[in-house]
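Step one of this worksheet: look at the structure below.
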Amino acid sequence: MSNLHPALQRVTDRVIERSRASRAAYLSLMAEEADRHRDRNSALPCSNLAHGFAAAEEDKASIATRAGPNIGIISAYNDTISAHQPYGQYPPRLKVYAREVGATAQVAGATPAMCDGVTQGADGMELSLFSRDVIALAAGVGLSHHMYDSVALLGICDKIVPGLLMGALRFGWLPAMFVPSGPMATGIPNKEKQRVRQLYAEGKVGRAELLESESKSYHSAGTCTFYGTANSNQMMMELMGLHMPGAAFIAPGSPLRQELDRAAMHRLAAITREGNDYRPLYRCVDEKAVINAAVGLLATGGSTNHAIHIPAFARAAGIVIDWTDMAELSHAVPLLARVYPNGAGDVNHFHAAGGIGFVVRELLAAGLAHADVLTVAGTDGLNDYAREPWLDQGTLAWRDLDASGDADMLRGVADPFQADGGMRLVEGNLGRACFKTSAVTPDRWTIEAPCRIFSEQHDVAKAFAAGELERDVVVVMRFQGPRANGMPELHALTPVLGVLQDRGYRVALLTDGRMSGASGKVPAAIHCSPEALGGGPLSLLRDGDMVRLCATTGSLSTDADLSSRTPAEAPPPASGTGREIFAMFRLGADEAEKGGSAMLAAAGL
């Protein structure tokens, strides 16, 4: 593409060069595996094959004779997660859609799927990040049967999409596509939800009022409508060309949703190696696709969790990208969307205003995304994703987009909300961390204040209730990294810190843990690496040390002399809620900037 922005070209070239050896090794493995599993039926002894289709009912003869492609379904269905509840009805429908084009489909396996919204602030959150490795491993178990010609991935939420992608990439000779189910309808206004949360943090309303408010926000089947990690996942899969174009934010159960699901299965039957349009996942997910995912994240103000997930799934494809790359892209990519918690409207409003198709069109026109990528969908690379789906007299079609339907929600490159994407790297003698400026007003980009040290997030609420935080303060939440306790999200701190900020104090959070993809408003330096466990700089801080956090200059430092100090003692490893059986993941995890994965570290990837 001749009009690529210099920063995009520079970062892409750097990632390609850095990844040269690991990418070559991955591609070599995929070529070997593709050749080894070329004839899936004859590769399996008859007894093995008979086991594989014994319960296939009307599809048995087709699978036995290989009359058409067999599509494996990996599902993260459960009905505790609202986003995944619709998937309970998907396998029977997807099998029908496959048969329409002479193919078959089987549920190859299931993966766990936890909801961070349920586990926020609770013990289960310490299993959350490592559930991504478990999901990748579970997907690998399902695909290890070698019964399939392509893969439909049913998953939406936080760790689930990255985990499914990581697992599928190790079977990357198979074409694969994500099939989303769409967001729930819009509930109460987000400002009202935020208002009640802060009133509860101040003790001005009770649990009954809070639960009533939350139940009006999270109220039905479908993805939660704020622009957190789940919906950022959906955006990234489109920017990587791994959805049918425009599939992300179409309502569950709608006629358009059904036709997109049908088109996905038809396409998965068409792009196997038996046809003339073979599109294996390992060719679709290359360096340019990974860069496009990062660009989309920055342009839309997406979840900070993807500063961990993008390096992780990239590594599964032999690609190495780091926070320096993402920060450089952020300086070049303008912020085109303000979706709650960065704005007032939710993803339904975003989609109605033009949504991902509008964003892709604007990025391509400005040379800020790679058009020349292999996608699962069509013949025109990422350009196929610069339109929106609709039903033309009942037939699925795509149409061009006009101007933004809501300039308070979505803008073009010529008139962005911010000149950069709002994800800054801050670094200094306290380590390297991420700062999401797109959610914070510029007058809060620099905070300098004495710190208060915590190792348990519930202690922050206690200190707040006791009036101990009524001042300018940098709250340091340490021993929250991958090896310490699984790197839980600390979203439960947001209402307390938000109240302090609203009272006029200069407040910030500094942590080696994560914040939620739904966090906003309070400045936060997160994912701080190296983590406190093992002697990272945060373990050397003491109460009262002055800490300076500045997104403008990219600095994260203290004036205190850390050289003569010994690291603070970490809390003992927690047990209960199954945390003890996740010890192997904590012991093996690598640093946040590499993705915080024990699985990838153990594999030497």
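Derivation of every value follows stated rules applied to the coordinates shown; laboratory data play no part. Given the structure is predicted, the values throughout are model-derived calculations rather than measurements. All Cβ positions, glycine included, derive from the backbone under ideal geometry; neighbour counts span all protein chains shown.
Here are some notes:
- Note: relative contact order over the stretch 335-387, using C-alpha pairs below 8 Å and six or more positions apart, is 28 percent.
- Reducing the stretch 461-504 and the stretch 348-389 to their Cα centroids gives an inter-centroid distance of 38 Å.
- Candidate lysines for bridging to Lys594, where Cα separation is under 19 Å - those fewer than 8 sequence places away on the same chain excluded: Lys159, Lys288, Lys436
- Cα-based values for the stretch 166-293, radius of gyration first and Dmax second, are 19.4, 65 Å.
- Summed residue charge, Cβ within 14 Å of Val96's Cβ, Lys/Arg positive, Asp/Glu negative: -2
- Of the trypsin sites (Lys or Arg not before Pro) found in the stretch 512-557, those in coil by DSSP whose Cβ has at most 13 other Cβ atoms within 10 Å are Arg542.
- Cα→Cβ-extended label distance, 7 Å offset, between Ala465 and Gln9, nm: 5.9
- Percent of Cα pairs in the chain per distance bin of 10 Å, from zero to the largest separation: 3, 18, 28, 27, 16, 6, 2, 0.
- The slack in the chain from Ala61 to Arg283, taken as 0.36 nm per residue of separation less the alpha-carbon distance, amounts to 76.8 nm.
- Each Cα pair under 8 Å and six or more residues apart adds its separation to the average, and for the chain the resulting relative contact order is 15 percent.
- Set of lysines with alpha-carbon distance to Lys95 below 22 Å, sequence-local pairs under 8 removed: Lys60
- Against the chain, whose longest principal axis is taken from its Cα atoms, helix 287-300 shows a tilt of about 50°.
- Between the C-alpha center of the stretch 430-458 and that of the stretch 56-130 there is a gap of 39 Å.
- Ranked by how many other Cβ atoms sit within 10 Å of their own Cβ, fewest first, the residues Lys193, Lys436 fall in the order Lys193, Lys436.
- Computed over the stretch 423-571, relative contact order equals 34 percent, with contacts defined as Cα pairs under 8 Å that lie 6+ residues apart.
- A straight Cα-to-Cα reach below 27 Å connects Lys204 with the lysines Lys191, Lys193, Lys216, Lys462, Lys521, residues fewer than 8 places away in its own chain not being considered.
- Near Ala344: Cβ cut-off under 15 Å, other residues only, Lys/Arg at +1 and Asp/Glu at -1. The net charge is +2.
- Overall form of the stretch 353-461 per C-alpha gyration tensor (a/c, 1.5; a/b vs b/c): prolate
- Residue order, fewest to most beta carbons within 10 Å, for Asp322, Asp346, Asp380: Asp380, Asp322, Asp346
- Cut-off 14 Å between beta-carbons: net charge of the residues surrounding Arg478, Lys and Arg +1, Asp and Glu -1: -2
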